[in-house]
Amino acid sequence: MASPFHLLLFFSFLSSLGNTFPVLGFHSNSVFFPVIKDAATLQYVARISHGTPSRPNNLVVDLGGPFLWMDCDAGHVSLSNRLISSCSVNCSKAKFHDHGSKSTGGCLFNTNCNVFLYNGITGLTAKGELVEDIIAVDSVGRLEVGQIQTVDTFLFSCAPTFLLQGLASGSKGTLGLGKASISLPSQLSSSIGHPQKIFLCLSSSDGVVLTGNGHPLFGTKITRSLVYAPLITKQHDYFINVQSIKINGKRLAVDKSMLLGDEEGKLGTKLSTIVPYTTMKSSIYAIFSKAYGKAAESMNMTRVAAVAPFELCFSSKGVENTILGPLVPEIDLVLQSEMVKWRIQGRNSMVKVSNQVMCLGFLDGGLEQSSSIVIGGLQLEDNLLEFDVGSSMLGFSSSLLLKETTCSTIIQDSKLKQCI
């Protein structure tokens, strides 16, 4: 947990840069977006500056979102905002990943480009206008803040105000990081020359989204220790193939086809920043929860009454606290081989609901969940994730607590270096 002193320095530094609230970076090939977790909604909120005059906007991070959309009518009129024609190349690029392209119209002379917008939290949909504007980024040296740079032709969509329902208070839209031609990382890669990579490091306080080269911020010791697995992109979401699940080293009796989503139209394991806790399709969750309960019992953990939305809850009394959180059954997501596994331990599996009770942060996603598993925010926190879109690989660290650091600590240490 970040100390008040560190957080004060962090935000004081950001505020001192003025109303532009520039994106911060540590290398000319990196762009850095600070991220804060909203306590009320458990959403991850980034800030990006755009327009003339430049103004910061809070945006909910949507890992699988195809592009950035925001409410453009929220009291800010940008002099550099330009509507995109429906017959332009940019409109075609936007509609390539537009599931609602049939309903948003084709190329008509003297008409604007309309795209299909989706709020992944509420399921609300809307039609929005594609626009082009300036965004502010800061390309900097390794240990010092450089000059604020601008990307003059950044594409995003203007959304109707009602689409903001369900977003964290003060948020004006969503920041899409999916594999799409006009997602934020794709546009920065083509305009600034970044590698096709996204680094994600979330925490219960402050974290970061970074595009480009991650070494200067996270250090070569951590980035070179990442374990890699094939990254599968379906539409614009990111998936991995979980071959099996283990609890305390014991493999669950889950059919491999259930995990991989071999049935027609079914999907495997998706990574999401808008789902707070991992969800599993009911058929998988039934096996998983039963096995976890048995493993917990074998460790003398005491089951207590469920606390919504959680099903498996336990007394905290007598459970040892370690550097990795409460000492509870370990969960392994086994990927392409037994040697490649994503290990989830107490800090990333348990939710403290009171001083006496903790609950397992894995939920039943229902029978109709399209993905076999959706890995949610709690399980992503304090894990460094590298989405190498160019080579279709996911690098992951498992818990950074094993390396005696956290995402928050990495960000704060970097800020403090700049402030000194």
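Could you pull out every one of the strands (runs of 3 or more DSSP E) wholly within the range 1-99 that has 2 or more residues that are out of contact with any Asp or Glu (no Cβ under 8 Å at 6 or more places or on another chain), at pLDDT 80 or above and of a type in the set (D, E, K, R)?
Values: elements: 30-37, 44-50, 55-62.
Fully inside the range 1-99 and qualifying: 55-62.
Out of the residues in the range 28-87 that are within 15 Å of the chain's Cα centre (by Cα) and farther than 23 Å from Gln412 by Cβ, which is surrounded by the fewest Cβ atoms within 10 Å (Cβ to Cβ)? I'd like the intermediate steps shown before the answer.
Residues of the range 28-87 within 15 Å of the chain's Cα centre (by Cα): 32-38, 41-47, 58-68.
With farther than 23 Å from Gln412 by Cβ added as a condition, the list becomes 41, 62-68.
Working: Thr41: 17, Asp62: 28, Leu63: 27, Gly64: 24, Gly65: 28, Pro66: 28, Phe67: 29, Leu68: 25.
Checking each candidate, the answer is Thr41.
Quick one: in the range 190-221, of everything that is more than 28 Å from Thr409 (Cβ to Cβ) and touching a residue at least 12 places away in the same chain (Cβ under 8 Å), which residue is surrounded by the most Cβ atoms within 10 Å (Cβ to Cβ)? Across the range 190-221, the extreme among qualifying residues is Ser191. The C-beta contact set for the range 74-95 (first residue assigned by TED's automatic domain parsing to the domain that holds Asn57, second residue assigned to a helix (DSSP H, G or I), distance under 7 angstrom, 6+ apart or interchain) comprises Ile84/Asn90; Ile84/Cys91; Ser85/Cys91. Scanning the range 343-391 for residues that are more than 20 Å from Phe239 (Cα to Cα), surrounded by fewer than 18 Cβ atoms within 10 Å (Cβ to Cβ) and among the charged types (D, E, K, R) turns up just one, Lys352. Among the numbered conditions (1) at pLDDT below 95; (2) assigned to a helix (DSSP H, G or I); (3) not β-branched (Val, Ile, Thr), the only one that Ala295 does not meet is (1).
Filtering Phe387, Phe362 for residues that are modelled with pLDDT of 95 or more, out of contact with any Lys or Arg (no Cβ under 9 Å at 6 or more places or on another chain) and in the same structural domain as Lys317 (by TED's automatic domain parsing) leaves a single hit, Phe362.
One residue is enough: does the range 276-285 have a residue meeting the conditions surrounded by 18 or more Cβ atoms within 10 Å (Cβ to Cβ), modelled with pLDDT of 95 or more and in a loop (DSSP other than H, G, I, E, B)? Yes, because at least one residue in the range 276-285 is surrounded by 18 or more Cβ atoms within 10 Å (Cβ to Cβ), modelled with pLDDT of 95 or more and in a loop (DSSP other than H, G, I, E, B). Filtering Gln369, Gln418, Gln336 for residues that are at pLDDT below 95 and not assigned by TED's automatic domain parsing to the domain that holds Thr269 leaves a single hit, Gln418. Of all residues in the range 64-97, those that are out of contact with any strand residue (DSSP E or B) (no Cβ under 6 Å at 6 or more places or on another chain) and more than 17 Å from Leu155 (Cβ to Cβ) total 4. Residues that are aliphatic (A, V, I, L, M) and surrounded by 20 or more Cβ atoms within 10 Å (Cβ to Cβ) were ranked within the range 111-130; the one that is nearest to the chain's Cα centre (by Cα) is Leu117. Scanning the range 171-217 for residues that are at pLDDT below 90 and at positive phi turns up Gly193, Gly212.
Quick one: in the range 246-273, of everything that is out of contact with any helix residue (DSSP H, G or I) (no Cβ under 8 Å at 6 or more places or on another chain) and at pLDDT 95 or above, which residue is surrounded by the fewest Cβ atoms within 10 Å (Cβ to Cβ)? The residue in question is Gly249.
When residues in the range 309-350 are screened for being more than 26 Å from the chain's Cα centre (by Cα) and of a type in the set (Phe, Trp, Tyr), 1 of them pass. The number of residues in the range 180-197 that are over 17 Å from the mean Cα position of the chain (by Cα) and not in a loop (DSSP other than H, G, I, E, B) comes to 6.
The values are calculated or read from the model by the stated rules, or taken from the named source; none is laboratory data. All values derive from a computational prediction rather than experimental measurement. A quick note on method: Cβ atoms are made from the backbone with ideal geometry, for glycine too, and the neighbour counts reach across all protein chains shown.
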